[in-house]
1. Choose one of B:LEU295, B:THR67, A:VAL128: the residue whose Cα lies farthest towards the positive end of the charge dipole of the protein assembly as shown (beta-carbon charges +1 Lys, Arg; -1 Asp, Glu; about the Cα centre).
2. Calculate, in nm to one decimal, what A:LEU337 and A:ALA26 gain on full extension: separation in residues at 0.36 nm each, minus their alpha carbon distance.
3. Along the principal axes of its C-alpha atoms, what lengths does segment A:172-286 span, in descending order and rounded to whole Å?
4. Which one, A:PHE40, B:LEU191, A:GLY85, is farthest towards the positive end of the dipole of the protein assembly as shown when Lys and Arg carry +1 and Asp and Glu -1 on their Cβ?
5. May I ask you to order A:135-141, B:248-254, B:285-291, B:216-222 by the average number of other C-beta atoms within 10 Å around their residues, highest value first?
6. Show me, for segment A:53-63, the HN-Hα J-couplings you get by feeding each phi into the Karplus relation (A = 6.51, B = -1.76, C = 1.60, θ = phi - 60°), rounded to Hz, glycine and proline as x.
7. Step through the residues of segment B:332-340 one at a time and calculate ³J(HN,Hα) from phi using the Karplus curve (6.51 cos²θ - 1.76 cosθ + 1.60, θ = phi - 60°), rounding each to whole Hz and writing x for Gly and Pro.
8. For the residue pair B:MET244 and B:LEU231, what label-to-label distance in nm results when each label sits 7 Å from Cα along the Cα-to-beta-carbon direction?
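Just so you know, all these numbers are worked out from the coordinates, no wet-lab data involved. For clarity, every value in this text was computed on a predicted model and none was experimentally measured. In this analysis, Cβ positions are derived from the backbone assuming ideal geometry, glycine residues included, and neighbour counts consider all displayed protein chains.
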Amino acid sequence: MLVDSPPEPSAETAPAPPGRRAIRGAGLLLSVVVLLALVFTSIAVGAKPLSMDQVWHGLFDDSGTYTDIVVGERVSRTLLGLLAGMALGLSGAVLQALTRNPLADPGLLGINMGASAAVVTAISFFGVTSLSGYVWFAFVGAAVVGALVYALGGTRSATPVRLALAGTALTAALSGYLQAVMITDNAALDKMRFWTVGSLASAKMGTIQQVLPFLAVGTVLALALARPLNAVAMGDDTARALGAHLTRTRALSMVSATLLCGAATAACGPIMFVGLMVPHVVRSFTGPDMRWIFPYAAVLSPVLLLGADVLGRIVSRPAELQVGIVTAAIGAPVFILLVRRRRTAQL
Amino acid sequence: MKATRTRAVRGRATRTRAIRTGGGISVRFDVRAAVVVAILVVAALLASVVLIGTGDFDIPTADVIRTLLGNGDAGQEFIINDLRLPRVVVGLLVGASLGLAGALFQSIARNPLGSPDVLGIGQGSTAGALLMIVIFQGSATEVAGGALVGGLVTGAAMYLLAWKQGVHGYRLVLVGIGVNAFAVAVNGYLLTKADLVDAARAVVWMTGSLNGRDWEQVWPLLTLCAVLLPLVIAHARPLRMLEMGDDTAYTLGVPVERTRIVLMGSAVLLTAAATAAAGPVSFVALTAPQLARRLTRSPGPNLLPAMCMGATLLIVADWASQRVFGADQLPVGVVTGVLGGVYLLWLLVTERKAGRI
């Protein structure tokens with residue numbers, strides 16, 4: 001256990017009726033079913049639509065035919081979408097709990113952009129070409145920008161507006177840097193203009209294997225932090241009184257969020273708003289208990305990301321829309337809706 | 001004319017003088033702010049002269065001034081009046097517009113980071129311009145038109161989306177951030193749609209550059225500034241009261257929403273026009289008002305000092321981009337981008353403790 005037996009705020013002081021717990025469990029199961037259906041869809045849909053039989057054949061009876069190869073390519077793409085979606089959603093949920101900020105999102109706070117800038121630096125100045133090389137740069141970039149945004153947003157008096165502004169301003173500065181690199185290096189421009197919008201198209205099994213360990217550690221850490229973060233949500237003083245270890249929880253949350261969005265960004269470029277939207281939707285039916293929010297976010301975020309990816313493949317067939325563009329196109333209106341709905345007092 | 005009287009106003013170094021006329025009309029003016037404006041104007045003009053003399057063919061400062069006054073030889077006259085002067089004038093106007101728009105936006109948003117380039121106007125203009133470059137392969141004029149329309153549409157969308165019985169600063173900021181993200185996605189999409197030649201042209205445009213600007217860009221921008229500046233200055237007092245909060249301003253007799261819509265509209269127009277002329281030059285609108293405020297040490301939006309500071313900053317940045325980076329010329333937007341990064345770090349160090357961000 002990470003924290004010396006913290007009390008369970010919502011479950012013990014006001015125990016949820018057993019019926020509701022069963023409903024939440026069933027809902028989680030349903031979400032998993034939806035996710036599996038979407039995984040299947042993601043393998044079947046694309047420039048070359050496949051039938052159920054062909055997908056089945058490619059998955060379980062691979063004999064190297066044309067459709068089997070298509071299935072193989074789409075499996076790695078789908079798997080990456082699954083992992084990246086989970087990572088982004090969980091890191092968003094962790095960041096929202098950590099900063100007590102309903103508008104926190106690794107993309108909005110500039111953390112993904114920090115990772116991108118570091119990766120671009122690695123590619124064009126240090127000649128790093130392999131993912132296993134630049135994933136470390138991505139972590140450093142994500143961590144540095146995360147800390148900067150938190151400091152710039154005012155650590156003690158951090159309000160959602162301040163943090164979001166600090167994140168956007170830093171993102172602007174970093175994208176200026178990215179543009180400078182792209183102007184001076186046409187080869188880099190050709191490669192990066194696709195990577196910097198966030199895409200799953202270039203997914204390979206090798207990529208997945210390389211980021212998998214980081215994602216696994218980040219995910220386990222995030223799920224283990226659900227209980228202490230429940231205490232943090234009640235405010236510093238209350239959390240301390242309840243016996244939560246504030247500094248340790250914060251530090252580990254930062255590590256977890258950095259690992260998750262650093263690895264996801266290194267694998268598929270900066271993707272915004274997944275980490276913002278999913279925890280919000282989830283919270284509306286689980287309530288504020290992180291022990292339910294985190295698993296739900298982990299299952300429903302890939303639903304969103306894969307759904308966006310499939311959508312991007314359908315709307316402009318035979319070409320495709322990068323998933324980062326689709327999530328931003330869905331996410332920005334949702335964000336504005338949230339801002340409009342939220343009462344002044346809560347901001 | 002009666003003699004002027006000095007009064008100490010709140011704050012250590014701010015001194016406001018009131019000029020009273022016999023007819024009962026009195027005008028207050030801040031001595032320090034006036035001095036700062038004068039110094040910045042001189043600095044901008046000096047930097048312009050130096051910038052005109054800078055290039056592949058260097059011209060001595062004395063010759064530049066002589067040619068500008070109309071006594072130069074034919075060769076220098078061509079280089080200066082036809083090639084370099086319009087570029088510098090565009091730079092001055094773009095810098096001034098951005099500085100003024102930044103001061104207005106930061107004052108309305110009540111946040112030193114709430115400038116038009118952070119809140120999506122710049123990105124909206126970029127979307128309009130990229131649309132012209134990528135889809136229609138438009139000429140420079142068409143691209144500028146696209147940028148202007150894009151900025152205006154973005155500004156209008158932002159205002160309408162933030163509207164809810166009035167537009168509050170915080171909602172404007174957050175909606176602006178959302179709009180910005182949306183525009184970034186659109187731009188990313190357009191960039192991936194382009195072939196490599198168009199993409200390279202688009203990226204250079206997106207950084208902001210003063211290369212190859214001529215008199216065609218000067219006139220519309222100059223007209224717009226000439227119209228909007230008096231309008232904005234006339235609303236400077238209500239704006240200052242608006243900074244005290246909507247309720248207070250309302251009690252003091254300020255038509256809150258009308259003032260805000262006039263000033264925001266002007267700021268959006270200025271930003272869109274500046275972007276149309278030079279591309280989305282980043283961070284001038286963010287940094288100029290804050291630097292100006294540090295110099296004048298006076299509260300309030302500091303409109304004129306911010307404007308002069310913007311012009312000076314952009315000209316100096318353009319000179320630096322030509323001189324420092326030498327033959328492999330980087331657009332001025334890169335220099336202002338670096339400037340913005342440094343500024344953010346500085347803000348981090350100095351302002352955080354004060355809790356003013």
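1. In the protein assembly as shown, that residue is B:LEU295.
2. Values: separation 311, 0.36 × 311 = 111.96 nm, distance 2.88 nm.
Full extension from A:LEU337 to A:ALA26 adds 109.1 nm.
3. 57, 33, 29
4. Of A:PHE40, B:LEU191, A:GLY85, it is A:GLY85.
5. Going by the mean number of other Cβ atoms within 10 Å, highest first, we get B:285-291, A:135-141, B:216-222, B:248-254.
6. Karplus-based 3J(HN,Hα) across segment A:53-63 equals 4, 5, 4, 4, 4, x, 6, 10, 9, 5, 10 Hz.
7. 4, x, 5, 5, 5, x, 4, 3, x
8. Those two pseudo-labels are separated by 2.7 nm.
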